[in-house]
1. Can you tell me which of (1) open to solvent by 60 Å² or more (accessible area, probe 1.4 Å); (2) over 17 Å from ILE153 (Cβ atoms); (3) among the charged types (D, E, K, R) is the one LYS117 doesn't meet?
2. Output yes when any residue across region 93-109 is touching a residue at least 24 places away in the same chain (Cβ under 8 Å), surrounded by 21 or more Cβ atoms within 10 Å (Cβ to Cβ) and small (Gly, Ala, Ser), and no when none is.
3. Which of the residues spanning region 147-159 are open to solvent by less than 90 Å² (accessible area, probe 1.4 Å) and in contact with a strand residue (DSSP E or B) (Cβ under 9 Å, 6 or more places away or on another chain)?
4. Report, by residue number, each residue of region 129-146 that is open to solvent by less than 80 Å² (accessible area, probe 1.4 Å), out of contact with any helix residue (DSSP H, G or I) (no Cβ under 8 Å at 6 or more places or on another chain) and not β-branched (Val, Ile, Thr).
5. Could you list all residues from region 61-83 that are in a loop (DSSP other than H, G, I, E, B), at negative phi and of a type outside the set (Asp, Glu)?
6. How many residues are within 18 Å of the chain's Cα centre (by Cα) and open to solvent by less than 60 Å² (accessible area, probe 1.4 Å) if we restrict to region 49-58?
7. Provide a single number: the residues in region 7-43 that are assigned to a loop (DSSP other than H, G, I, E, B), within 18 Å of VAL169 (Cα to Cα), open to solvent by 50 Å² or more (accessible area, probe 1.4 Å) and at pLDDT 90 or above.
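The values are calculated or read from the model by the stated rules, or taken from the named source; none is laboratory data. Just so you know, these numbers come straight off a predicted model, no measurement behind them. As a convention, Cβ positions derive from the backbone with ideal geometry for all residues, glycine included, and neighbour counts pool all protein chains shown. Note: accessible area is taken over every heavy atom of the protein model, side chains too, but ligands, DNA and RNA are not part of it. Shrake-Rupley method; radii C 1.70, N 1.55, O 1.52, S 1.80 Å.
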Amino acid sequence: MNLARLVAHAVFQPRRFNDRRIREFASSVRNERILELGSGKPVNGEYVYSARRFFDASNEFIQSDVVEEYGHRVIDATSMSFHDEFDVVLCANVLEHVYDYATVISNIHTALRPGGKAVVVVPCMYPLHDQPRDYWRFTEHALRPMLAAFQEIRVRHSGLRAYPFMYYVEARK
């Protein structure tokens with residue numbers, strides 16, 4: 001991790017923000033089918049980037065990533081073709097790494113059953129990482145129209161509203 005990321009993590013604590021929001025969401029999710037996009041690589045034998053640990057064992061939880069070596073189901077969010085198959089789709093810290101984010105959002109919407117929820121976490125002010133595939137930074141004012149196909153959109157931010165570090169979004173189909 002480079003110095004800028006170390007400082008950003010120490011000051012803004014994005015992992016703490018992400019984990020707190022997802023843990024709150026997960027506390028009420030039972031007997032659901034969940035797809036996690038971008039479950040991430042193992043670190044010292046544990047999948048610390050995955051939200052699986054926050055969800056009750058009653059849920060069917062599918063971890064995925066585009067990197068086969070990470071040990072998850074390989075799913076490319078830009079070309080996935082699920083239709084009304086999931087109650088929840090988690091997309092945490094993924095959209096900034098996908099050039100065609102609009103297709104991913106459309107595919108998430110299509111993959112959700114009616115009434116299903118998408119959980120999206122994106123950076124706003126965060127150092128470049130995982131280059132060269134770090135394309136975007138989003139604001140609340142971009143996220144709302146990007147997710148306009150959803151019925152309800154709830155946006156939360158970390159940091160000051162005028163200087164947000166991260167966004168957490170729940171959107172219901």
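1. The number of the failed condition is (2).
2. no
3. Taking region 147-159 as the starting set, the residues that turn out to be open to solvent by less than 90 Å² (accessible area, probe 1.4 Å) are 147-150, 153, 155-159.
Result: LEU147, ALA149, PHE150, ILE153, VAL155, ARG156, HIS157, SER158, GLY159.
4. Of all residues in region 129-146, those open to solvent by less than 80 Å² (accessible area, probe 1.4 Å) come to 129, 134, 136-140, 142-143, 146.
Then keep just the ones that are out of contact with any helix residue (DSSP H, G or I) (no Cβ under 8 Å at 6 or more places or on another chain); that gives 139-140, 142-143.
Answer for region 129-146, where residues must be open to solvent by less than 80 Å² (accessible area, probe 1.4 Å), out of contact with any helix residue (DSSP H, G or I) (no Cβ under 8 Å at 6 or more places or on another chain) and not β-branched (Val, Ile, Thr): GLU140, ALA142, LEU143.
5. As a first pass, look at region 61-83 and keep what is in a loop (DSSP other than H, G, I, E, B): 66-67, 71-72, 75-83.
Narrowing the set further to residues that are at negative phi leaves 66-67, 72, 75-83.
Scanning region 61-83 gives VAL66, VAL67, HIS72, ILE75, ALA77, THR78, SER79, MET80, SER81, PHE82, HIS83.
6. Kept after step one, since they are within 18 Å of the chain's Cα centre (by Cα), are these residues of region 49-58: 49-55.
Still in the running and open to solvent by less than 60 Å² (accessible area, probe 1.4 Å): 50-51, 54-55.
Matching residues across region 49-58 total 4.
7. So the first thing to find is which residues in region 7-43 are assigned to a loop (DSSP other than H, G, I, E, B), and the list is 13, 27-32, 38-42.
Filter once more, so that each one left must be within 18 Å of VAL169 (Cα to Cα): 13, 27-29, 38-39.
From the residues that got through so far, the ones that are open to solvent by 50 Å² or more (accessible area, probe 1.4 Å) too are 13, 27-28.
Then keep just the ones that are at pLDDT 90 or above; that gives 27-28.
Number of matching residues: 2.
Per-residue answers, yes or no, for (1) under 14 Å from GLY38 (Cα atoms); (2) open to solvent by 10 Å² or more (accessible area, probe 1.4 Å):
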residue: SER81; (1), (2): no, yes
residue: PHE86; (1), (2): no, no
residue: VAL89; (1), (2): yes, no
residue: TYR126; (1), (2): no, yes
